[in-house]
1. How far, in nm, would the chain grow between Arg45 and Ser86 when pulled straight, counting 0.36 nm per residue and subtracting the alpha carbon separation?
2. Picking from Arg133, Arg148, Arg170, which is most flexible by a Gaussian network model of the chain using Cα springs under 10 Å?
3. Using a Förster radius of 35 Å, what is the FRET efficiency between Lys56 and Arg170 based on their Cβ-Cβ separation? Nearest 0.05, please.
4. Among Pro121, Pro158, Pro93, whose mean-square fluctuation peaks in a Gaussian network model of the chain (Cα, cutoff 10 Å)?
5. Quick one: net charge around Met34, please, counting Lys, Arg +1 and Asp, Glu -1 for every other residue with C-beta under 9 Å from its C-beta.
6. In nm, give the distance between the simple-model label positions of Gln155 and Thr22, each being 7 Å from the Cα along the Cα-to-Cβ direction.
7. Taking the chain as a Gaussian network, where each spring joins two C-alpha atoms under 10 Å apart, which residue of Gly179, Gly41, Gly167 fluctuates the most?
8. Could you give the length gained by full extension between Asn64 and Gln185, i.e. 0.36 nm per residue of separation minus their alpha carbon distance, to one decimal place?
Amino acid sequence: MTERNPTITAQPTDLSKGKIDTRSQILAATEAIMLDEGYAGVSSRKVATRAGLNSKLLHYYFKNMDELFIAAFQRREDFHLGQFASAIASSTPLHDIWMLNVDAASSKLYLEFNALACHRPAVREVISKSNGRDRITMAAALQTVFERYGISTTQYPPKVMAMTIAGFARAFATDRALGTKDGHQEVLEFVAELLGNLEPEQGKSQTD
């Protein structure tokens, strides 16, 4: 099991592919800048330039930066929920939930959004509510999968496992931002073995 490197191709919409609407262009450009430069690098001018639009058009869609950041976060959240639903429905839900949560590009974006939330109360409120919903959804999904597999929810409490997965995702994202991977491979190997035991018949090799 190896970590995925953050790349723009992990975004829900690729600016280079197909014809997409102007609002989606703006949000895709915002995400791309956040991945490249961090949230502090996002400005209306840079977003407009990246999206190939006039800056005045940007303000037509989003009257201020809070609206832009919230829309970008909600777009990423919608994309993540779609991926999460696919993971749950797959033949290897535990493996796929894990890989989805430690995806490098997604975790880097969430790290940036969380840092941004510290400085923008309106954004913080939206992200806080989203995090709460995600924990509930994750725990409920794990409960269902554990019951299907006959896994003890006393030995592996779904809420605890959901928090553990979220914690690893944040730790990986923080370490990547600081340029360190110490202990990552050991964690990945440990989780690979654990998942292989919990999901033996369905278990598969996780590589990029």
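Derivation of every value follows stated rules applied to the coordinates shown; laboratory data play no part. Bear in mind the structure is a predicted one, so any value in this text is a computation, not a measurement. Note: ideal-geometry Cβ built from the backbone for every residue, glycine included; neighbour counts use all protein chains shown.
1. Gain in length upon complete extension: 11.1 nm.
2. Answer for the Gaussian network model of the chain: Arg148.
3. Result of the calculation: an efficiency of 0.40.
4. Residue with maximal mean-square fluctuation among Pro121, Pro158, Pro93: Pro121.
5. -3
6. My value for the distance between the label points is 5.8 nm.
7. Gly179
8. That works out to 39.4 nm of additional length.
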